[in-house]
Amino acid sequence: MADFLVQLAGNDNARRILKRLGLPIALPQPLERRTGSWKNDELHARTWRVFGSAGSSLAMPLAKALVRSGGEVLHATELSTFTDVAEAFGGRAEALPDDERRDLSGIVLDATHVSEPDHLDALYDIFHLHLPMVARGGRVLVLARPPSSTDAPGCQAARQALEGFVRSVAKEVGGKGITANLLWVTPAGDGAIEGPVRWFLGDGASFVTAQAITLGGGDASGPFPWSSPLTHKVALVTGAARGIGAATARVLAREGATVLLVDRPSDDDALETLAEELGGRAVRLDITAEGAGSLLAREASQAGGLDILIHNAGVTRDRTIGRMPEADWNLVLEVNLKAIERLTRALSPEMREQGRIITLASIAGIAGNRGQTNYAATKAGVIGLMRGYAEVLRDRGITANCIAPGFIETDMTAKVPTVIREAGRRLSALGQGGLPEDVAEAITFLASPGAFGINGQVLRVCGGNFLGA
Ligand code: NAI
């Protein structure tokens, strides 16, 4: 069922009438979503205001990421690196006094120098003045060093403070469709920022806000293709007949991947129709069936190998634990966790180097949810599974991560009672549900070569949902 308030917000006349009537209805900002495939100059015609410290080791990689993606960079006067890089790459950068006002697509703050509480005072100066100048649908991105147990307590305090700050900014600006996210960049991850910076600032991430993701080193065999990044890659998606799985297969194919689509034998012919549309292959298989792993390994080998494995198939059987039939417990555990563990064990040895494994978790697996002990156990379980595989496969340059969707408008959530559905949509920073495409874009980002620094992580695609925040 379409979101009435988002539709209303997209209608200028309706907005005007509501304003004139003075009705206390907060309309969510319709999000600007990606309409085409990835481009080299992804952030063309956007203006970023950049702050940071002149001595930062991130200044150069950040300048390259922003300039090469086509944006205009307005930087603090001491950050001359940005002008130098713009001259070298034919981009646009301009030094501005800190108090000069400009209309902005977003604010990018390199906060890697933050190591004591006094350093936090600059946050007030920067955001108090410039946040109101960020346009609707804009972006806030903060890059910082993750607090580590070896840091002095004051340093840990200052760094951890950034997370509370960014998440709160996300809640303050969500009504304007602006997102705010934090990249914890480990020193080894300085060379891994271009992919994440491009993605978090771009239109594919418009439903991702209030998140903190850690960037490590990984195996960087760049330079990376920023357009058609998945050319020559083979991707396998389970549960691909509908919903998030179908959207994911579409976006992976759009970016150049050959797709193998897997879904239950009992399903209608949606799987075959989609496979034909995408030039991929439909594989009718219950992932819990005996021998499913070896069958899929054969399919992958016939397709030329396997680079991207998306564990998307999932089921719910909601009941409080005291009322839950044993069969419902068993089914959910079997599909959502045990089959995924077996398939990963069977398929990961077959994967090529620089591969990507991405599993659909859920915010229920982070926060817990009444009536979902079985589902939440499995969704937390896959987070542990991916963290485990992240270490096991690190040597081969293969990453393993989870995506945790929040409220997404699919057949599944259309069946939810109205009051719960409205709560799922509105109790979030962006005040609306996401679309399957939002999740598909995030999966495709993690599957791309430029996401090599993200490993063993959980990326929430939840619009800043208050559940498990
Ligand atoms: P959906 O119910 O629309 O699609 C799931 C697909 O998986 C179906 O085509 C189904 O036939 C297939 N499937 C189920 N069991 C299977 C099996 N044993 N073997 C092969 N295929 C099987 O679900 P939706 O909403 O697209 O969700 C996709 C994933 O995202 C699931 O893992 C779900 O738990 C997760 N998720 C979804 C959220 C939402 O709001 N829609 C929120 C959080 C997580």
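The values are calculated or read from the model by the stated rules, or taken from the named source; none is laboratory data. On a predicted model such as this, the values are computed, not experimentally measured, just so you know. So basically every Cβ, Gly included, is an ideal-geometry build from the backbone, and we count neighbours across all protein chains shown. Ligands, DNA and RNA are excluded from the accessible area calculation, which covers all protein heavy atoms including side chains. Shrake-Rupley method; radii C 1.70, N 1.55, O 1.52, S 1.80 Å.
Observations on the model:
- The C-alpha atoms of the chain define a longest principal axis, and helix 121-130 lies at about 90 degrees to it.
- Sequence-distant lysines (8 or more away, or on other chains) whose Cα lies within less than 20 Å of residue 338: 379
- Angle of helix 12-21 to the longest C-alpha principal axis of the chain, folded into 0 to 90 degrees and rounded to 10: 70°.
- Remark: segment 213-308 projects, on average over all directions, an area of 7.6 nm² (convex hull of Cα atoms).
- Phi-derived couplings, Karplus 6.51 cos²θ - 1.76 cosθ + 1.60 at θ = phi - 60°, listed residue by residue for segment 269-285: 8, 4, 5, 5, 4, 5, 4, 5, 4, 9, x, x, 10, 8, 10, 7, 7 Hz, with x used for Gly and Pro.
- Shape call, segment 39-215: gyration tensor on alpha carbons, a/c limit 1.5: rounded
- Accessible area per residue for segment 39-215, computed on protein heavy atoms with a 1.4 Å probe, is 38 Å².
- Nearest-10 value in Å² for the accessible area of residue 78, using the 1.4 Å probe: 90
- Accessible surface of segment 209-286 [probe 1.4 Å, protein heavy atoms]: carbon and sulfur percent: 48
- Efficiency of FRET between residue 120 and residue 172 - r from beta-carbon atoms, R0 22 angstrom, step 0.05: 0.85
- Available extension along the chain between residue 77 and residue 136 is 18.6 nm, counting 0.36 nm per residue and deducting the alpha carbon span.
- Segment residue 89-residue 268, extension gain: residue separation times 0.36 nm, minus the distance between their alpha carbons: 59.3 nm
- With Cα atoms, 0 to 90° folded angle of helix 153-173 axis to the chain main axis: 80
- Anisotropy class of segment 160-225 from Cα gyration tensor, a/c 1.5 cut: oblate
- Potential lengthening of the chain between residue 103 and residue 420 amounts to 110.3 nm, from the contour at 0.36 nm per residue minus the alpha-carbon distance.
- Accessible surface of segment 416-465, 1.4 Å probe: 71 percent of it comes from carbon and sulfur atoms.
- Across 64/171; 39/64; 39/233, pairs whose alpha-carbon gap is larger than 22 Å: 64/171
- Entry comment: accessible area of segment 320-469 is 37 Å² per residue, from protein heavy atoms only and a probe of 1.4 Å.
- When the surface is traced with a 1.4 Å probe over the full set of protein chains, residue 98 keeps roughly 80 Å² accessible.
- Its Cα centre serving as origin, the chain has a Cβ charge dipole (Lys and Arg +1, Asp and Glu -1) of approximately 1040 debye.
- Global geometry of segment 234-461, whether rounded, prolate or oblate, following the gyration tensor of its Cα atoms and the 1.5 cut on a/c: rounded
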